[in-house]
Amino acid sequence: MTASSLEDRVNQLGPWFHNLRLGDPEVVQTAPHHPLGDFPSNFWQFFSHALPADLSGQTVLDIGCNGGFYSFELKRRGAKRVVGVDHDLVYLNQAQFARDQLQLDVEFIQGDVYDIDRIVHGEQFDFVVFMGVLYHLRHPLYALEKVASLVRKRLLFQSMERGAWETADFAPDLPFEERDVFFDERFPRMYFIEHAYAGDETNWWIPNPSCTRALLRTVGMRIADRPCHEVYVCEPEP
Ligand SMILES: C[S@@+](CC[C@H](N)C(=O)[O-])C[C@H]1O[C@@H](n2cnc3c(N)ncnc32)[C@H](O)[C@@H]1O
């Protein structure tokens, strides 16, 4: 495929959220004018070190895989099996096209995170990627429970976060009369977006960092690392 026909095909498949580099040499970018810059390469550099450089023999599940950026990066690290799932066929078609161009053996499946256990037939994966999806869900805890149940070794998790950056520990139980704690900005909170945020009607619940941590603990995940804002590397509690 010539660079110009590759570019035409990329444009037909758009709009893209992931800026991938395709072609040989990699001359065509899929989202060169992304508002967040060279996304998500520019973000990945802040936490790529938090996962093993060698994933030989490991299995990976990338939920909400979009154009497949993380699936491809982890396949390049030698993972023996990588499965990407997204409910949006536009993104899934992009991921499949990019996979064929990059000649990386990644399986992409159309499906919803709410059904993720059935989609993968209850199989656990060594590494599960759940980046940038939680706040798009109307039922985030329900989905996160399912995601957590599929993690054998590590969960790479990210959510948009808003509210106080500072976190604090709170008593596991509080008396009914206690009201002040709910004015403490560090108390776990999820902001409910009734209409839209950042022009996006699919943003529903935005946790503060305390809430992200509490949600992860609640579904049985221990936070092993927080390499940068909003990104958590977790492992299942024994
Ligand atoms: C903000 S993008 C994040 C993409 C990628 N994981 C990343 O971090 O760059 C959210 C992705 O989640 C997908 N998504 C949203 N809700 C979903 C759901 N209920 N089931 C599966 N995928 C979903 C969207 O189609 C989109 O590709």
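The values are calculated or read from the model by the stated rules, or taken from the named source; none is laboratory data. A quick note: this is a predicted structure, and the numbers were derived from the prediction, not measured. A quick note on method: Cβ atoms are made from the backbone with ideal geometry, for glycine too, and the neighbour counts reach across all protein chains shown. Side chains included, ligands, DNA and RNA excluded: accessible areas come from the protein's heavy atoms. Shrake-Rupley method; radii C 1.70, N 1.55, O 1.52, S 1.80 Å.
Considering the stretch 131-147, the residues that are near the ligand (Cβ under 8 Å from one of its atoms) and open to solvent by less than 30 Å² (accessible area, probe 1.4 Å) include one that is nearest to residue 233 (Cα to Cα), namely 131.
Scanning the stretch 91-113 turns up no residue that is surrounded by 23 or more Cβ atoms within 10 Å (Cβ to Cβ) and among the acidic types (Asp, Glu). Evaluating residue 152 against the criteria (1) part of a strand (DSSP E or B); (2) buried (at least 22 other Cβ atoms within 10 Å of the Cβ); (3) in contact with a Pro (Cβ under 8 Å, 6 or more places away or on another chain) leaves one unmet condition, (2).
Taking residue 90, is it assigned to a helix (DSSP H, G or I) and near the ligand (Cβ under 9 Å from one of its atoms)?
Numbers: assigned to a helix (DSSP H, G or I): yes; near the ligand (Cβ under 9 Å from one of its atoms): yes.
In short, yes.
Checked against the criteria, residue 85 counts as in contact with a helix residue (DSSP H, G or I) (Cβ under 8 Å, 6 or more places away or on another chain) and either of a type outside the set (Ser, Thr, Tyr) or open to solvent by 20 Å² or more (accessible area, probe 1.4 Å) (or both). A count restricted to the stretch 183-222 and to residues that are within 16 Å of residue 145 (Cα to Cα), open to solvent by 50 Å² or more (accessible area, probe 1.4 Å) and either modelled with pLDDT under 95 or aliphatic (A, V, I, L, M) (or both) stands at 0.
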